[in-house]
Amino acid sequence: MSRSSCRIAAGCALAFVTLGSIAGAYAYTHGFARLLGMQPSATRIVDRFEAVSGKHPGFRRNHAKGVCVTGHFDSNGQAAALTRASVFAAGRSRVVGRLSIGGGNPAQADATSNVRSLALSIVSPDGSEWRTAMNSVPIFPVRTPEALFEMLAALRPGKAQGQGQDASDYGDTAMDAFMKTHPETARFNDWLRDHPPSSGFGNAAYYSVSAFRFVDRDGHTRDVRWRVAPDDAYAPVADAEKRDVDFLERGLAERLNQGPVRWQMVITLAAPGDITNDATRLWPASRTQVDAGTLVIEREEPQIDGPCRDISFDPLTLPDGIEASDDPLLRARSAAYAESHERRVREEEAR
Ligand code: HEM
């Protein structure tokens, strides 16, 4: 493993989980976990996020730095034949969302993250709700919660606080060892190398990463992924922009002063045989794409007292007509988001 690919791996780990290790602090080591086929609990996973970034009471344990956004989703009805979810009937749904960066430190500089994220709560006129938390990279570095737990352990504690992205910050030896046993992580690194982070929140595409299942009115199911593709042209972030520690939120506020920001929601249909339980792999680009409508963001507000503050963007908060796939990350995410949410709400109440 070269030093530079290791550096990106460390960056990716930071992006998704802001890593660090408390190696040895747990009786439950990653080797045992794999041998015994045990899943790391949400408590242990969230503990590891905290070990990396420190405790920041009241904030999310990952993607801690972010901003609330509000707007709507205009469905054009074209996905209504694929799913009975009312959000895809032609019409308008309300949106409360959150734009964020990876990492557990709410004060970290934006340039320390190579992933932007968009979480949405979309409430249809009939009151049903769909929550989705998407990333600007269409794949995840690892396939299973166990591997994520190992990856967290491969990083040195207390180093990934957003100060830098040099591999020496993260503990090369452990990360090298991790990547040797998890070659799938290279696909994530390769994607990042070929797609530098966007200059803003509003000109990035955001992906479901995991597969889900659509259920139509007759009960037929289809495996799908989704993404929102920006109307604003993508541009890579420039070094000068990176000098502003808050360039993403500042840029979003300036952009919204000129008018709403729009994305097209696109549903990708799996073909028979496409793998649905491996978020480290893309489906072929030739798969059918359905344009489902337009996401419009009109307003941003600080997360400290904005409408997204108390929402847990659990990816398994799904309306009738959308179901989880067999991706093992989904259940682990649901449990970890609940654990993170519980901790920060408790801390808010104690203030
Ligand atoms: C499939 C890949 C994943 C995607 C696309 C993703 C995306 C996101 C996004 C967008 C957020 C911010 C949500 C918000 O703004 O409130 C978030 C938060 C978080 N993520 Fe993930 N994530 C993924 C995998 C994971 C995994 C596997 C875990 C651990 C099992 C995890 C743990 C967390 C935690 C603890 C939070 C903070 C949740 C909260 O306090 O509300 N993520 N993730």
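The values are calculated or read from the model by the stated rules, or taken from the named source; none is laboratory data. These numbers come from a predicted model, not from an experiment. As a convention, Cβ positions derive from the backbone with ideal geometry for all residues, glycine included, and neighbour counts pool all protein chains shown. Note: accessible area is taken over every heavy atom of the protein model, side chains too, but ligands, DNA and RNA are not part of it. Shrake-Rupley method; radii C 1.70, N 1.55, O 1.52, S 1.80 Å.
Odds and ends about this structure:
- Cross-link reach is defined here as a Cα-Cα straight distance under 12 Å, omitting same-chain residues fewer than 8 places apart; for Lys65 the aspartates and glutamates meeting it are Asp110, Asp246, Glu249.
- Where the stretch 187-253 is the region considered: accessible area per residue in Å², 1.4 Å probe: 48 Å²
- Compactness relative to 2.2 N^0.38 Å, alpha carbon Rg of the stretch 202-351: 1.23
- Ranking of Thr185, Thr70 by solvent-accessible surface, largest first: Thr70, Thr185 (1.4 Å probe, protein heavy atoms only, all chains present).
- Estimated distance in nm for a label pair at Trp191 and Asp231, the labels positioned 7 Å out from Cα along Cα-to-Cβ: 2.6 nm
- Spacing of the two label points (7 Å from each Cα toward its C-beta) at Thr288 and Glu347, in nm: 4.6 nm
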